[in-house]
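Take a look at the structure set out below.
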2 protein chains.
Amino acid sequence: MAPEFRPDGRLHGACVGILAGGGPLPAQVARAVEQAGGRVFIIGFQGFAEPGVIGHWPHRMVRLAAAGDILSGLHAHGCRDLVLIGPVKRPSLGSLRPDATGARILARIGRALFAGDDGLLGAIVRVLGEEGFTVRGAHEFLPGSVARRGVLGAVGPDASACSDIVLGRDVVRQLGRLDIGQGCVVQGGLVLAVEALEGTDRMLERVGSLRQPDRPGGVLVKMAKPGQERRADLPTIGPRTVAGAMAAGLRGIAMEAGATLITDPAACIAMADEAGLFLAGIGSGDEKII
Amino acid sequence: MAPEFRPDGRLHGACVGILAGGGPLPAQVARAVEQAGGRVFIIGFQGFAEPGVIGHWPHRMVRLAAAGDILSGLHAHGCRDLVLIGPVKRPSLGSLRPDATGARILARIGRALFAGDDGLLGAIVRVLGEEGFTVRGAHEFLPGSVARRGVLGAVGPDASACSDIVLGRDVVRQLGRLDIGQGCVVQGGLVLAVEALEGTDRMLERVGSLRQPDRPGGVLVKMAKPGQERRADLPTIGPRTVAGAMAAGLRGIAMEAGATLITDPAACIAMADEAGLFLAGIGSGDEKII
């Protein structure tokens with residue numbers, strides 16, 4: 001629990017702004033901030049943030065492009081540090097309906113609006129910095145939810161799974177350089193599926209019908225993109241990912257250590273142990289994988 | 001119509017063996033061989049080759065792994081040159097039930113059975129060479145079905161489509177180096193989907209729900225893998241691909257010139273023209289794309 005911005009790791013009543021998309025992580029960040037002695041103000045993006053998740057804290061639900069509301073809310077609560085957390089689906093320009101401030105900011109984001117996710121998120125982080133905020137990574141607040149290196153549960157990958165992990169890591173690194181996806185599935189040397197805009201859950205859905213029946217089950221590999229804006233879009237797994245891997249007949253999940261968020265580590269490990277799946281935190285380089 | 005193995009481009013009654021998977025291309029190769037003065041004997045793989053397509057010619061339907069039957073049939077008809085054409089789904093080892101010759105050949109293919117498609121097909125071509133056959137590419141017999149460079153129909157890609165094509169070509173080349181797929185879909189700088197084992201048709205199916213409503217439609221890019229065994233697995237498009245691209249809201253299809261087979265060029269061009277889609281044959285290098 002050590003955000004780097006206070007020498008003693010305490011927040012001394014400072015207010016951290018949380019820009020919240022879907023899923024449970026915004027609440028986990030809010031709890032972690034409070035435990036470190038800070039306060040939070042949550043901007044919940046309409047259509048993505050779940051009121052049941054963020055409702056416990058001071059918050060405001062706003063449209064994604066209502067930048068005027070967002071900035072005024074954050075300033076009114078004295079937020080200087082921000083965290084962007086939880087998935088937000090890339091909106092269509094036609095649906096954005098930006099307010100006046102939003103239109104100015106969209107112009108500053110400019111061409112990055114049409115780039116891959118990493119380019120877009122990088123531009124948003126840059127603009128927030130220009131507005132006087134410091135954008136922090138959720139992983140700075142949730143060290144217990146960051147995948148550590150090695151075998152996370154009771155089951156480890158065998159030699160053939162390790163060789164699939166090495167191939168999958170190569171594949172995802174190549175994809176990541178092109179700002180495409182963060183995951184792929186490999187089974188016995190064969191790349192079954194590669195993730196682009198559809199996301200991990202939908203990729204796992206199609207893997208069920210692509211699996212090869214005559215060899216050990218496949219492996220899901222998730223890696224951050226090289227040079228990725230780690231403050232905005234870390235690879236994330238959760239119980240739903242583990243359930244998807246089980247349904248697809250996989251042997252396990254390998255994820256980049258230090259760069260993957262696990263939404264509910266205890267539940268993920270319990271599910272994986274029960275199903276005989278491995279969960280492994282791996283290195284990003286060419287060194288030994290676990 | 002110039003298979004390279006006769007100085008005059010004529011086959012002088014020689015018998016060409018066609019190892020046939022699905023689709024209409026085996027019949028097109030057979031017709032082309034006859035027009036060049038040759039004969040054919042077709043091995044139709046059970047479960048893939050369509051009896052209505054190959055039934056017009058001397059043929060035998062065999063299981064994929066019945067290598068003894070395959071080789072004896074080819075030898076009995078005096079075939080020296082072979083063509084592998086038409087899709088065959090990678091079988092499971094458990095379903096293969098090889099005959100005695102098949103078991104010996106599987107042992108020679110060895111580890112490549114578990115590699116990507118290109119490694120497997122390369123090994124099959126090698127083994128057929130060791131058995132005394134010369135494996136020819138279908139494109140040697142069907143020059144009229146090989147995508148030529150440039151705009152193939154009435155519609156051409158505009159500047160923004162060209163920039164999507166350049167990105168897509170980079171993506172597919174990176175994938176191809178890893179022996180993954182041969183295609184991807186790019187829309188306005190964003191990679192919507194990447195093809196692995198599911199194939200082009202299934203990739204196009206999911207693109208419909210991933211398309212971005214606020215920018216011009218996406219582009220399908222198909223390229224041969226660098227170093228690919230071109231005698232066994234060229235990228236192929238046909239009317240079904242064009243229909244899938246239309247349903248996915250794409251603007252067009254770019255394919256590697258000289259290395260993509262079009263199963264029914266006239267029908268593809270007519271469909272594309274009617275729908276306002278472009279079909280473009282592009283270079284594989286970094287030069288101007290069309």
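Summary of computed values
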| read-out | value |
| --- | --- |
| Extended-chain gain in nm, criterion 0.36 nm per residue less alpha-carbon gap, B:HIS56 and B:ARG104 | 14.1 nm |
| Spacing of the two label points (7 Å from each Cα toward its C-beta) at A:SER72 and A:VAL151, in nm | 5.7 nm |
| Electrostatic dipole magnitude of region A:146-282 [Cβ: Lys, Arg +1; Asp, Glu -1; Cα centre; debye, to 20] | 260 debye |
| Size of electric dipole in region B:162-214: Cβ of Lys, Arg +1 and of Asp, Glu -1, about Cα centre, debye, nearest 20 | 100 debye |
| Förster radius 56 Å - calculated FRET efficiency between A:ARG31 and B:GLU205 (Cβ-Cβ, nearest 0.05) | 0.85 |
| Per-residue [θ]222 nm for the protein assembly as shown (sum of -39500 (n - 2.57) over DSSP H runs n ≥ 4, rounded to 500) | -10500 deg cm²/dmol |
| Whole-Hz couplings from phi, Karplus 6.51/-1.76/1.60, listed for region A:208-219; x for Gly and Pro | x, 8, 9, 5, 8, x, 9, 9, x, x, x, 10 |
| Only Lys, Arg (+1) and Asp, Glu (-1) charged, at Cβ; region A:4-141 dipole about Cα centre in debye | 260 debye |
| Pairwise centroid distance, computed over Cα atoms, of region B:232-276 with region A:27-100, Å | 45 Å |
| Relative contact order of region A:178-290, defined on C-alpha pairs under 8 angstrom at six or more residues apart (%) | 23 percent |
| Inter-chain Cβ neighbour average for residues A:197-205, partner chain, 10 Å | 3 |
| Nonlocal amide H pairs with B:LEU19, under 5 Å, H built at 1.01 Å | B:ILE43, B:VAL83, B:LEU84, B:ILE85 |
| Local net charge near B:ALA266, Cβ-Cβ under 13 Å (Lys/Arg +1, Asp/Glu -1) | -3 |
| Other copies of A:ARG31: label-to-label distances in nm, shortest first, labels 7 Å along the beta-carbon direction | 6.8 |
| Label point 7 Å beyond Cα along the C-beta direction, distances from A:ASP99 to other copies (nm, shortest first) | 7.8 |
| Inter-chain shielding of B:94-102 (mean C-beta neighbours from other protein chains, 10 Å cut-off) | 1 |
| Cβ neighbours within 10 Å from other chains - mean over A:185-194 | 6 |
| Anchor A:LYS222: lysines whose Cα lies under 29 Å away (excluding residues fewer than 8 positions away in-chain) | A:LYS89, A:LYS288, B:LYS89, B:LYS222, B:LYS225 |
| Ascending list, in nanometres, of distances separating the B:GLU130 label from those of the other copies (7 Å, Cα toward Cβ) | 6.4 |
| Normalised contact order of chain A, rounded percent, pairs of Cα under 8 Å and 6 or more residues apart | 17 percent |
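Read the figures in this text as sums done on the coordinates, not as results from a lab. Model, not experiment: these values are computed from the prediction. Glycine gets a Cβ as well: all are built from the backbone with ideal geometry, and neighbour counts include every protein chain shown.
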